[in-house]
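The block underneath contains the structure these notes are about, expressed in structure tokens.
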């Protein structure tokens, strides 16, 4: 969405094609950063995807703030230093503060394992 918006701002006619996140068999988002993880961190890193999936599973039970807070606690408990966890409108990435119907929403997270910053996102609906 950031790239798409930048293209709009500069008036580019190039088409931005958004595709699903490519994942390893255990769910970890594919990234060149994954090569920096040691064996223990590589196993631990799947926690970011698990936290985002927990948001998806509880989307209709808890408020966005409760879901974000639970994900931060989950990640912290698994040894991450959380940069952010947020639930946002998929069209513009504005944070969602209340339960919404009829909009595509996404959960986004960034967290560190030691000095390695991992990012991920999951479409929630």
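Can you match Rg and Dmax of the Cα atoms in Å to one of these, (i) 12.6, 37; (ii) 13.4, 35; (iii) 15.3, 45, based on a calculation from the structure here? Computed from the coordinates, Rg and Dmax of the Cα atoms in Å corresponds to (iii). Cα convex hull, the stretch 40-103: 89 Å³ per residue, rounded to a whole number. The stretch between residue 15 and residue 76 holds 18.2 nm of extra length on full extension. This uses 0.36 nm per residue minus the Cα-Cα distance.
Pairs of Cα atoms nearer than 8 Å and 6+ residues apart set the relative contact order; for the stretch 19-105 it is 20 percent.
The listed peptides 21-31, 47-57, 95-105, ordered by packing as a protection proxy, come out as 47-57, 21-31, 95-105 (highest mean of other Cβ atoms within 10 Å first). Shown is the FRET efficiency for residue 8 and residue 119, computed with R0 = 25 Å from the Cβ-Cβ distance and rounded to the nearest 0.05: 0.65.
R0 = 35 Å: FRET efficiency of residue 103 with residue 26, Cβ-based, nearest 0.05?
0.70
Laboratory data are not the source of any read-out in this text; all were calculated from the coordinates shown. Being a predicted model, the structure only gives us computed values, none of them experimental. FYI the Cβ positions are ideal-geometry reconstructions off the backbone, even for glycines, and counts take in every protein chain you see.
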